[in-house]
Amino acid sequence: MRRAIAIWVVLAAASTPAGASADDPTRMRPLPLGVTWSVEGRDRHFGVYIPTQFGGVLTVETTSGTVGPIEGPDGRQRPNGQGLAPGVPGWYTFAIEGATSPFSVATSFVQVGRSARKPWNYYYWPTKSDAIHEPWADGNGRVDTVQVFGDDVLVATPGAPIAPGQDIVRAGPNGLLETPVAAGDDSTWFPNLYDDVTFQAADGTVHETPCPLLKYDLLYRSSARSWEAGNSQNHNVSRWPGHCLGGAVASILLNEPVPSPGSGLTRDELKALWAELGENHLNHRIGDHVVDIAAGPPVPGPDPCDRSVVAFHRLLEEQLLGRGVALLGNLRGFPPRGTTDEVWNHGVGGYTAHYRAVQERDVLTVRVDVEIEANSGSSLNGQDEHSRLIRYAYTLAYGRDGRIDASRTDACDWISVDGDALFAPLNLMVVESTRWVGHNPYVTEANVRALDLANGGDPSRYTAAPPQLLPVASTETTSRRLAFGRGAATAGPPRRGGFTRLFNRQ
């Protein structure tokens, strides 16, 4: 360790402003940023190099004496522990006054970026319909349901072996699961855009479900619910596909929705309508971006993730911190069972980055430990409101102007991922604008905006009592409604969701 530190000091000294002779006690001694340094001798004047022009908080601590004012490369003094003005990278010098040798000096530099508009939480409204399946745990490994009702679809052979969690019966084109679950099988409720009003669990419990498009149809005399059920169902075992792209884009570009009281919509249901309008990726105008990042997971040393370090961190500094713009990110699957193919779109509204010198390299090369904060795409009825927090570590190099040096690929190493992710993100991008036109032809921007008091709605339009809802089963099922709900969803994977890959689109 001593040898590595000595190498760093030699390299740093080459960039140190000219000073007095080596035996002059007033000369500046360069210290590696983010490191605790033991001092034995007469050194009392020190300096650390801040490589970025986007500012942050520099803090100096000492075990003896006091830290004097910190002087920047522009000659201005800053109090210890306060933010540095953007645009002034370089050497920051200070003196330790009244110290008794030996003592230690520690420095830290933390950069925090927050978007001007914080992305609000939403629910991803999966495209998966309610389904009967083999239990995720403690099942008998056999298909026990042998007969379907209504327009339900039997997708497994009765009596055949089946793996945990695999589908046995899926809802048909009407979107409603009408088949009772046989003993030995299980069922899961997926609250989606085309749900019925009530839902009967396998244990007999009746659950009241959100039903955004059913309410929308009552307000506008349309067929949005039946179109969605017949055209958007996910017909495979995956539970994650849904409307998280539309929800994420809406959470970035719009005020948090407020439903008109007379509409009968909850806030979650109104957000669902915006998510439907924003789900068409062809309508989003993308600005600055980094896409097709290798999944990794990143490891110390060379790996495919390294090539994306520069663009990823540049977006955080220039867009999120510099412009206050929330970013759209595809942050891939969640722990513990997430996969690289899962697409989870979020609004990224903040980050905290800790900078540290890479002691074997020059002062322009740093390690950054960054935690990004994304909104929740799993929030329904006030549940799962916590942000998605992901921690990355990587090294990169800056130029003398305080911007990341894209030519220094030798300095880039995406080291690790931690927190609410297993892999590097697929992309990170700026959504400059969008056309609010989704896939469902019955859901229009004008209709949804009229219901939203926070985004242009008319407060005088829906002042009467909310419409009275009737179950979808009363008009759209071909036999008695038998459905199964939240109480039966036991050991399945987390009900979070995503959308197909958002490609690079200008």
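The values are calculated or read from the model by the stated rules, or taken from the named source; none is laboratory data. Keep in mind the model is a prediction, meaning the values are calculated, not measured. Positions of Cβ are generated from backbone atoms using ideal geometry, with glycine treated the same way; all protein chains shown enter the neighbour counts. Protein only, heavy atoms only, side chains kept; ligands, DNA and RNA dropped before computing areas. Shrake-Rupley method; radii C 1.70, N 1.55, O 1.52, S 1.80 Å.
Observations, loosely collected:
- Within the range 160-198, the set of residues being farther than 20 Å from Q147 by Cα and buried (at least 19 other Cβ atoms within 10 Å of the Cβ) comprises F190, P191, N192, L193, Y194, D195, D196.
- Members of the range 328-352 found to be of a type in the set (A, V, I, L, M, F, W, C) and surrounded by fewer than 21 Cβ atoms within 10 Å (Cβ to Cβ), listed by number: F334
- Test: residue in the range 427-437 that is open to solvent by 20 Å² or more (accessible area, probe 1.4 Å), under 20 Å from V290 (Cα atoms) and either of a type outside the set (V, I, T) or modelled with pLDDT under 95 (or both): yes
- Selection within the range 76-98 - open to solvent by 30 Å² or more (accessible area, probe 1.4 Å), in a strand (DSSP E or B) and modelled with pLDDT under 90: G83
- When residues of the range 99-136 are limited to those that are more than 30 Å from W344 (Cα to Cα) and polar (S, T, N, Q), the one most open to solvent (accessible area, probe 1.4 Å): T100
- All positions within the range 93-133 that are more than 16 Å from E61 (Cβ to Cβ), among the hydrophobic types (A, V, I, L, M, F, W, C) and touching an Asp or Glu at 6+ places or on another chain (Cβ under 6 Å): W120, A131, I132
- Test: residue in the range 229-249 that is touching a residue at least 40 places away in the same chain (Cβ under 8 Å), open to solvent by less than 10 Å² (accessible area, probe 1.4 Å) and more than 30 Å from V155 (Cβ to Cβ): yes
- Annotation note: of A311, A295, A275, the sole residue that is touching a residue at least 12 places away in the same chain (Cβ under 8 Å), assigned to a helix (DSSP H, G or I) and touching a Cys at 6+ places or on another chain (Cβ under 9 Å) is A275.
- Candidates T127, T107: the one that is under 30 Å from A275 (Cα atoms) and within 33 Å of the chain's Cα centre (by Cα) is T127.
- Condition met for F484 (over 16 Å from C211 (Cα atoms), surrounded by 13 or more Cβ atoms within 10 Å (Cβ to Cβ) and modelled with pLDDT under 95): no
- T444 vs. criteria in contact with a Cys (Cβ under 7 Å, 6 or more places away or on another chain), hydroxyl-bearing (S, T, Y) and open to solvent by 10 Å² or more (accessible area, probe 1.4 Å): no
- Residue count for the range 139-151, restricted to those that are of a type outside the set (A, V, I, L, M, F, W, C), in a loop (DSSP other than H, G, I, E, B), without any contact (Cβ under 8 Å) to a residue 60 or more places away in the chain and open to solvent by 10 Å² or more (accessible area, probe 1.4 Å): 5.
- Some residue of the range 107-118 being part of a loop (DSSP other than H, G, I, E, B), among the charged types (D, E, K, R), over 26 Å from S232 (Cβ atoms) and modelled with pLDDT of 90 or more: yes
- Considered as a group, the residues in the range 399-419 that are among the acidic types (D, E) and open to solvent by 50 Å² or more (accessible area, probe 1.4 Å) include one that is farthest from the chain's Cα centre (by Cα), and that residue is D401.
- In the range 463-482, the residues that are farther than 15 Å from V197 by Cβ form Cβ pairs under 9 Å with partners that are modelled with pLDDT of 70 or more and assigned to a helix (DSSP H, G or I), at six or more places apart or across chains, as follows: T463/P261; T463/G262; A464/G262; A465/G262.
- Taken together, the criteria exclude A224 from residues that are closer than 24 Å to D185 by Cβ, at pLDDT 90 or above, among the small types (G, A, S) and open to solvent by less than 30 Å² (accessible area, probe 1.4 Å).
- Members of the range 143-159 found to be on the phi < 0 side of the Ramachandran plot and touching a strand residue (DSSP E or B) at 6+ places or on another chain (Cβ under 7 Å), listed by number: V143, D144, T145, V148, D152, V153, L154, V155, A156
- Qualifying positions in the range 202-213 - within 15 Å of P471 (Cβ to Cβ), touching a helix residue (DSSP H, G or I) at 6+ places or on another chain (Cβ under 6 Å) and surrounded by fewer than 23 Cβ atoms within 10 Å (Cβ to Cβ): H207, P210
- Some residue of the range 315-327 being over 27 Å from P86 (Cβ atoms), of a type outside the set (D, E, K, R) and open to solvent by less than 10 Å² (accessible area, probe 1.4 Å): no
- Residues that are among the β-branched types (V, I, T), closer than 26 Å to G287 by Cβ, touching a helix residue (DSSP H, G or I) at 6+ places or on another chain (Cβ under 6 Å) and in a strand (DSSP E or B) occur at least once in the range 385-408.
- A residue that is farther than 19 Å from S308 by Cα and either in contact (Cβ under 8 Å) with a residue 40 or more places away in the chain or under 17 Å from the mean Cα position of the chain (by Cα) (or both) occurs nowhere in the range 364-372.
- Of all residues in the range 194-218, those that are hydroxyl-bearing (S, T, Y) have Cβ atoms under 8 Å from Cβ atoms of residues that are part of a helix (DSSP H, G or I) and modelled with pLDDT under 75, 6 or more apart or on another chain, in T205/G487.
- Checked against (1) surrounded by fewer than 21 Cβ atoms within 10 Å (Cβ to Cβ); (2) within 30 Å of A411 (Cβ to Cβ), I372 passes all but condition (1).
- Residue count, the range 35-75 (criterion: of a type in the set (D, E, K, R), within 27 Å of G322 (Cβ to Cβ) and part of a loop (DSSP other than H, G, I, E, B)): 1
- Within the range 23-34, restricting attention to residues that are of a type outside the set (D, E, K, R) and outside any strand (DSSP E or B), the residue that is most open to solvent (accessible area, probe 1.4 Å) is T26.
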